[in-house]
Amino acid sequence: MRFIAWSCGLVLLFALTARAQLNQSDSLLLASSDPATTADPSAASSPVASIPAYGAASASAPAASAGSAQFGAPPAAPDYNWQVYIGYTFVRFYELPKVTPFPHGLTFNSNGLNIEGVHYFRSLNWVALEGDALGTFGPVQCSKFALIGGGARVRWQAPHNLELWAHMTLDMAHILPQTSFGGQTSFAYQIGGGVDYFTSFHNIGMRVETDLVGTHFFNTYQRSIQLSAGVVYRF
């Protein structure tokens, strides 16, 4: 009887111990499977989580710069250094001043062609060297006036596709026909300016100019008016 009582007591103690161990293992399994308990509590409160990654910021910077380049100011127009002009020219040539045979002076109007070539410097793109040639025909048969030479020019590129310029040239002048007043060749100069308007094609424009033409024929000085209008091509 005593042996049976001890045996029953040992079995009961073993059963209670095993039950306690099973309950503890079940509570650990439930705790490990709960997502709220497995999350790192320091990650939620860490300020590093709110800072964007470096790669994302650097990737958005080129996109912003590309957008600003696409929608920003338009590129500047090309800088053209050469210009060629051809146009109609009118010259009112004051051949002689008021002298005894001609109380009102001697003048004649002539019409013709004016050609100019201009090269602007790259370092100073508002300063240029210029070459010009002019030929006109008067109302009298064989009356002609010709001019050829070169000089300097300055310009100002104004808004609305306008270009304002001024120039001065030193030339040689020649007139026909031969008269009894003197020679047919003279030193000459031009002082004047004009306005160029360039179209949407950028390198084709219209020009209007006016000049004072000085010559020295027949031992006297002439100061004549020249007007010109035509087409200018730049490249």
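No lab work stands behind these numbers, since they all come straight from the coordinates. Quick caveat: nothing in here was measured; it's all calculated off a predicted structure. No Cβ is skipped: glycine too gets one built from the backbone with ideal geometry, and neighbour counts run over all protein chains shown.
Tabulated data for the structure shown
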item	result
Net +/- balance of residues flanking PHE93 in space, Cβ distance below 11 Å, scoring K and R +1, D and E -1	+2
Total formal charge among the other residues, if their Cβ is under 13 angstrom from that of GLY150, Lys/Arg +1 and Asp/Glu -1	-3
11 Å beta-carbon shell around GLY194, net charge (K/R +1, D/E -1)	-2
Theoretical gain in end-to-end length, ILE191 to SER123 [0.36 nm per residue, Cα-Cα removed]	22.0 nm
Two-site label geometry, LEU176 and TRP156: point separation in nm, points 7 Å out along Cα→Cβ	4.2 nm
Where the Cα pairs of the range 162-228 fall when distances are cut into 5 Å bins, in %	4, 15, 20, 17, 13, 11, 8, 6, 4, 1, 0
The range 82-234: equivalent-ellipsoid semi-axes (sqrt of 5 x gyration tensor eigenvalues, Cα, Å)	32, 15, 13
Which of GLU95, GLU209 has the fewest Cβ neighbours within 10 Å, and the rest in rising order	GLU95, GLU209
Sorted peptide list for 106-113, 198-205, criterion being average Cβ within 10 angstrom, highest first	106-113, 198-205
Packing-based order for 127-133, 147-153, 159-165, using average beta carbon neighbours within 10 Å, highest first	147-153, 127-133, 159-165
